[in-house]
Amino acid sequence: MKTIPLLVAALAAMLAQACSMEQQPSFADDLAAITAFNERYLKSINEEDIAALSALTTDGHVMLPPNREPVVGKAANDAMNGGAFERYDFSETWRPVETVVDGDLGFQRGTFTVIANPKTGDGDRLEVNGSFLRIYQRQPNGEWRMTRDMFNSSAPLTQSLSTGQ
């Protein structure tokens, strides 16, 4: 007879544990959250809002720009963005092609266009089309932040690495 109360207690404990387990978001939920994140990120760039842009990255954020050394950490990213925002007005668009989420990490691959107009009138308008690969990290509060950002231009190299011409 002691078996039944123990069985009931064990079932109650398992039920309580199952009810307390957090439901993992679906891929559709994660995709919607990353899409909303991207909209906030682009808005921050296009409005030149360094504080908002910084708030969307992890403390250890690393940017891997083409033909430059990695830009590591929020302070370095903020300084780089601040310098760019002093010189140019930006309009940037992203076209995601692939999004993958696995647990608390997600990555997105796609193409982008950046248009940069000099603020002083000195220099040429820049238009860059290219590809990106971004890694996002879900925070303990459920929000996504960018933790790695790699991008390149689709323009042909002026000199081939293989032929030297």
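Of everything in segment 38-73 that is among the β-branched types (Val, Ile, Thr) and under 19 Å from residue 117 (Cα atoms), the residue that is nearest to the chain's Cα centre (by Cα) is 45. Mind listing whichever residues of segment 74-104 are assigned to a strand (DSSP E or B) and either touching a residue at least 24 places away in the same chain (Cβ under 8 Å) or more than 16 Å from the chain's Cα centre (by Cα) (or both)? Within segment 74-104, 88, 89, 90, 91, 92, 93, 94, 96, 99, 101 qualify. Kindly evaluate residue 78 against the criterion of being surrounded by 15 or more Cβ atoms within 10 Å (Cβ to Cβ) and acidic (Asp, Glu). Criteria met by residue 78. Determine if segment 1-22 includes at least one residue that is at pLDDT below 95, part of a loop (DSSP other than H, G, I, E, B) and surrounded by 11 or more Cβ atoms within 10 Å (Cβ to Cβ). Checked segment 1-22: no residue is at pLDDT below 95, part of a loop (DSSP other than H, G, I, E, B) and surrounded by 11 or more Cβ atoms within 10 Å (Cβ to Cβ). Here segment 125-165 is the region considered, the condition is being assigned to a loop (DSSP other than H, G, I, E, B) and surrounded by 10 or more Cβ atoms within 10 Å (Cβ to Cβ), and the residue that is modelled with the lowest pLDDT is 155.
Regarding residue 48, is this residue acidic (Asp, Glu) and surrounded by 15 or more Cβ atoms within 10 Å (Cβ to Cβ)? Yes; evaluated as a whole, the condition is true for this residue.
Across segment 105-129, the number of residues qualifying as of a type in the set (Ser, Thr, Tyr) and in contact (Cβ under 8 Å) with a residue 24 or more places away in the chain comes to 2. Flag: residue 87 does not match the condition of being in contact with a His (Cβ under 8 Å, 6 or more places away or on another chain) and either surrounded by 12 or more Cβ atoms within 10 Å (Cβ to Cβ) or not polar (S, T, N, Q) (or both). Scanning segment 24-57 for residues that are closer than 22 Å to residue 99 by Cβ and touching a helix residue (DSSP H, G or I) at 6+ places or on another chain (Cβ under 8 Å) yields 25, 40, 41, 43, 44, 45, 53, 56, 57.
The values are calculated or read from the model by the stated rules, or taken from the named source; none is laboratory data. Source: prediction; values computed, not measured. Virtual Cβ from ideal backbone geometry, glycine too; neighbours counted across all protein chains shown.
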